[in-house]
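Colleague: There's a structure below that I have some questions on.
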Amino acid sequence: MENTAELKLDGKSYPLPTLEGSEKERAVDIGALRAKTGYITLDDGFGNTGSCKSAITFIDGEAGILRYRGYPIEELAEKSTFVETAYLLIYGELPTHEQLRKFSDLLTANEMLHEDMKFHFEGFPPNAHPMAILSSMINAASCFHPKLIEGYKPENFDRQAARLLSKVRTIAAFAYRKSHGLPIIYPKSVYKYTANFLHMMFSEPYRDYELKPEVVRALDLIVLLHADHEQNCSTSTVRMIASAQANLFACAAGGVCALWGPLHGGANQAVLEMLAEIHKTGDDGSKFIAAAKDKTSGKKLMGFGHRVYKNFDPRAKIIKKACDDILSKLHINDPLLDIAKHLEEAALKDSYFVERKLYPNVDFYSGIIMRAIGIPMEMFTVIFAIGRMPGWIAHYREVVSDAHGRIYRPRQVYTGATLRHYPATKDRA
Ligand code: ACO
């Protein structure tokens, strides 16, 4: 039987319909609230607002559950690859052997950038942050493919999606090479997605980078774990832009900008900076934890806390183990890993973090893995962006293919000046 919420306002009673998702999360539908009552809802930071219905990713933050299209992240992390998971997110089902082959071939066919794009890279100063380059170049890439700017057409979608997913990795590697004054390395079609990225990052014109399977797998796991996370800041940005029917590349460029923020994707870089600072000052972590608890210090324990996970982040569990594995396989003894483990142990016993349900998130250990495989710190968030691309593509498609979709347009409670009239300059205080 349908459950109806009842709202009492100004002496009147209003029934509000409710709905239930496939995993039993419940929502009150306030779509007609303003029309019926004159009121809107106010929810700073959207902590309690469902912005859409979505069939892509399910998270239960209290239980520490993350599933892509119904499949637990733990199973995908163990058995799948980034490219297969990308297909799953974008198309909704795991691919057959043939579908995966076609998808991989399409990625390979789209791995090169238009040769003229090389000149765009030249325009950035040497110290440009690769996230700035990534965002600009994703937008620039769309100019070389005018069909993209035409917007969503189901018959073009496969090619557009593959183009974005494939080129973003080439752009990212080129951005790194450019920012280090190194010659650009072209992709090699014999390599799979993640191996090709490592090749473009670290090969030299005179010597190919040695691709170690454990390194390729570790990076593939990082991007897979980042592939989607429902309505987070950057994905909501992508959906917002998509709702205006902007093209896929424009949406992704906007997503990159949102992801760059240190409270979001920028946290993996911030974690390593924090660990390096703790190491440099000889602190065992206790001073930093004390500062993180002090609201006047301006410090936070980076890589800790999450808007949704209030028990544990399932990705953090997987990544912590992967971090131990890769460091031992590569025979690396990283003091920053010891500091991270110590910080985690101390924070998980500290009432400040326990009471606020602050646990390590996916970024707490991912930076240590990337450092171990030689990826420089300023590229960490770029790797996150490559990983998140399938999720953004899937969300873009969900928005633009919704026949009943409307442009996203939140309301506000205005708190500025009330009506006043324009004074001449001489009359202004
Ligand atoms: N260190 C210290 N205190 C923290 C931290 C932290 N990392 N995170 C939250 N808190 C405190 C807040 O100050 C607040 O304290 P109060 O109740 O005394 O005011 C309380 O815990 C609740 O936190 P909120 O601010 O409500 O958490 P919110 O959901 O708004 O923010 C966020 C979540 C942004 C992830 C936050 O925990 C944070 O800044 N963490 C550090 C940055 C980080 O690791 N970001 C990566 C997120 S995961 C991702 O994007 C992949």
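Colleague: Based on this model, can you work out whether Thr296 counts as part of a helix (DSSP H, G or I) and open to solvent by 20 Å² or more (accessible area, probe 1.4 Å)?
Modeller: Here the answer is no, as Thr296 does not meet what is asked.
Colleague: Okay, next question. If the Cβ limit is 9 Å and pairs must be 6+ apart or interchain, which residue in the stretch 357-374 that is under 19 Å from Leu259 (Cβ atoms) pairs with which residue that is of a type in the set (D, E, K, R) and open to solvent by less than 10 Å² (accessible area, probe 1.4 Å)?
Modeller: Hits for this filter: Asn361/Asp313; Asn361/Arg315; Val362/Asp313; Val362/Arg315; Phe364/Asp313; Ser366/Arg315.
Colleague: Gly31 - would you say it is under 23 Å from Ala242 (Cβ atoms), open to solvent by less than 50 Å² (accessible area, probe 1.4 Å) and more than 16 Å from the ligand (Cβ to nearest atom)?
Modeller: Answer is no for this residue.
Colleague: Answer yes or no as to whether Leu42 is within 24 Å of the chain's Cα centre (by Cα) and either modelled with pLDDT of 95 or more or not in a helix (DSSP H, G or I) (or both).
Modeller: Judged against the criteria, Leu42 is not a match.
Colleague: Name the helices (runs of 4 or more DSSP H) wholly within the stretch 93-162 that hold at least 2 residues that are within 24 Å of the chain's Cα centre (by Cα) and of a type outside the set (S, T, N, Q)?
Modeller: Output list reads 97-109, 130-143, 146-149.
Colleague: Mind listing just one residue for me: the one in the stretch 2-19 that is within 30 Å of Tyr71 (Cβ to Cβ) and either of a type in the set (A, V, I, L, M, F, W, C) or at pLDDT 95 or above (or both) and, of those, most open to solvent (accessible area, probe 1.4 Å)?
Modeller: Taking the candidates together, the pick is Leu19.
Colleague: Only one of these is more than 16 Å from the ligand (Cβ to nearest atom) and not aliphatic (A, V, I, L, M): Gly285, Gly254, Gly303. Name it.
Modeller: Of the residues listed, the single one that is more than 16 Å from the ligand (Cβ to nearest atom) and not aliphatic (A, V, I, L, M) is Gly254.
Colleague: Evaluate the stretch 176-185: report whether one residue or more is within 20 Å of Ala242 (Cβ to Cβ), in contact (Cβ under 8 Å) with a residue 60 or more places away in the chain and crowded, with 16+ Cβ neighbours inside 10 Å.
Modeller: As a first pass, look at the stretch 176-185 and keep what is within 20 Å of Ala242 (Cβ to Cβ): none.
The answer is no, given that none of the residues of the stretch 176-185 is within 20 Å of Ala242 (Cβ to Cβ), in contact (Cβ under 8 Å) with a residue 60 or more places away in the chain and crowded, with 16+ Cβ neighbours inside 10 Å.
Colleague: Considering only the stretch 348-373, state which residues are over 15 Å from Arg307 (Cβ atoms) and not aliphatic (A, V, I, L, M).
Modeller: Of all residues in the stretch 348-373, those over 15 Å from Arg307 (Cβ atoms) come to 348-355, 364-373.
Answer for the stretch 348-373, where residues must be over 15 Å from Arg307 (Cβ atoms) and not aliphatic (A, V, I, L, M): Lys349, Asp350, Ser351, Tyr352, Phe353, Glu355, Phe364, Tyr365, Ser366, Gly367, Arg371.
Colleague: For the stretch 385-424, give me each residue that is closer than 30 Å to Ala162 by Cβ and charged (D, E, K, R).
Modeller: Of all residues in the stretch 385-424, those closer than 30 Å to Ala162 by Cβ come to 385-408.
Answer for the stretch 385-424, where residues must be closer than 30 Å to Ala162 by Cβ and charged (D, E, K, R): Arg388, Arg397, Glu398, Asp402, Arg406.
The values are calculated or read from the model by the stated rules, or taken from the named source; none is laboratory data. From a predicted model like this one, the values you see are computed outputs, not experimental measurements. Reconstructed Cβ throughout: ideal geometry from the backbone, glycine too, with neighbour counts over all protein chains shown. Quick note on the areas: whole protein, heavy atoms, side chains included, nothing else; ligands and nucleic acids left out. Shrake-Rupley method; radii C 1.70, N 1.55, O 1.52, S 1.80 Å.
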